[in-house]
Amino acid sequence: MAKLNEFIKNETVFVISLILAIISCFFVKPSIDYLNYINWDTIILLFVIMLIVEILKNLSIFEILVRKLIIKIRNTRGMVSLLVFMVFFSSIFITNDVSLIIFIPFTILALKKVGRSDLAIITVALQTIAANVGCMLLPIGAPHNIVMFTVSGISFQSFFLLLLPYVIASLAFITLTLTFMPKESIVLPKMNKVEFDASNFIKRVFLGVDYYLLLTFISLFILIGNLENIPFFNLLFKKWIMGNEVLWGVIASQVISNVPAAMLLSGFSTNYKAIIIGINIGGFGTLIASMANLISYKILVREHDEFKTRYLIVFTVLNVVLLMILLGVNVFTS
């Protein structure tokens, strides 16, 4: 029972998605048509990206780069800024979730070594925002964007230009917030050298892939496919969503996170550009608006449980302010 509870706790989104998919099967008779619900292009692309990310992670490429840069930093503001922007740049290529998984433990360690663990709260909060901003630049930066990229058929260039105003506004917000960081001298002790472990490299790469995420996608595709075939839900969701995709993208993300929100909205509307905007700016706000938000929170409180309440306050305030700014950008650019 303890193992089951731990599994449910760690894979909550998958468990909920699977249960909802099974329930929907009672309303739409299971058949071979279920296979047509699943966007296999999305599943394959996500799997390939996760393999590439695992290769980069096991090679410690980004961590080695950060260590080389951080030894040149001489004050707290510079250190926090470097840690935040490294997450931003890495999340463009290795997804927001993985970027946080790699860099937040390193951030906590680095701040502890210079005796400034008190800065972990604001640093991790800004790193989480930076990860959600960086993943907007390319359609491969986050699972929700991979979904929309494959469903919509939008080009890389169009995707980039569509979200560019929101990226610029978010970077301005991050930069402004960083100016309030204390600028105090630090001396960073020498860290242990990062060593590459060649043993079982291929095995570690394949074992590192998040297969439950793939199963979550499949469950959600089946759920949404069934909802589309239930007349009541089909008419209801179309009535709510069509014409209000940005707003519902934001609202749905706050409640069920932006990955399920992307899949839900794209099943009932073809205004893909509006959905892309809604689910991306919807990743800011509540702790569950993006899986990346939950990842950073769990890593931080595992090391510093005493920061739990203060982190939630700082994180929520920063995210709500940025969300309001981005909604304003949407009104201005519409």
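The residues of segment 61-106 that are surrounded by 16 or more Cβ atoms within 10 Å (Cβ to Cβ), closer than 24 Å to ILE202 by Cβ, over 13 Å from the mean Cα position of the chain (by Cα) and in contact (Cβ under 8 Å) with a residue 60 or more places away in the chain amount to a single one, GLU63. Considering only residues in segment 267-292 that are buried (at least 24 other Cβ atoms within 10 Å of the Cβ) and not aliphatic (A, V, I, L, M), the one that is modelled with the lowest pLDDT turns out to be SER290. Can you tell me which residue in segment 107-116 is modelled with the highest pLDDT, limited to those that are closer than 14 Å to ASN75 by Cα, of a type outside the set (D, E, K, R) and surrounded by fewer than 24 Cβ atoms within 10 Å (Cβ to Cβ)? Taking the candidates together, the pick is LEU111.
In segment 9-28, the residue that is surrounded by the most Cβ atoms within 10 Å (Cβ to Cβ) out of those that are modelled with pLDDT under 80 and part of a helix (DSSP H, G or I) is VAL13. Count of segment 64-106 residues, restricted to those that are under 15 Å from MET136 (Cα atoms) and among the basic types (Lys, Arg), is 0. The residues of segment 224-277 that are hydroxyl-bearing (Ser, Thr, Tyr) and in contact (Cβ under 8 Å) with a residue 40 or more places away in the chain, listed by number, are SER257, SER266, TYR272. Within segment 201-217, identify whether any single residue is within 27 Å of ILE313 (Cα to Cα) and either more than 24 Å from the chain's Cα centre (by Cα) or of a type in the set (Val, Ile, Thr) (or both), and answer yes or no. Within segment 201-217 (the criterion being within 27 Å of ILE313 (Cα to Cα) and either more than 24 Å from the chain's Cα centre (by Cα) or of a type in the set (Val, Ile, Thr) (or both)), the answer is no, since none of the residues qualifies.
Candidates are the residues of segment 29-40 that are of a type outside the set (Gly, Ala, Ser) and loosely packed, with under 14 Cβ neighbours inside 10 Å; the one that is nearest to the chain's Cα centre (by Cα) is TRP40.
Scanning segment 253-300 for residues that are in a loop (DSSP other than H, G, I, E, B) and within 20 Å of ILE218 (Cα to Cα) yields SER257, GLY267, PHE268, SER269, SER290. In this structure, ILE22 qualifies as out of contact with any helix residue (DSSP H, G or I) (no Cβ under 8 Å at 6 or more places or on another chain) and more than 21 Å from ASP210 (Cα to Cα). Residue count for segment 151-210, restricted to those that are part of a helix (DSSP H, G or I) and either of a type in the set (A, V, I, L, M, F, W, C) or at pLDDT 95 or above (or both): 27.
All told, SER170 falls short of being small (Gly, Ala, Ser) and over 29 Å from ILE71 (Cβ atoms).
Of all residue pairs spaced 6 or more apart or on separate chains, those with beta-carbon atoms under 7 Å, a first member in segment 127-141 that is surrounded by fewer than 24 Cβ atoms within 10 Å (Cβ to Cβ) and a second member that is modelled with pLDDT of 95 or more are LEU137/VAL167.
The values are calculated or read from the model by the stated rules, or taken from the named source; none is laboratory data. Given the structure is predicted, the values throughout are model-derived calculations rather than measurements. A quick note on method: Cβ atoms are made from the backbone with ideal geometry, for glycine too, and the neighbour counts reach across all protein chains shown.
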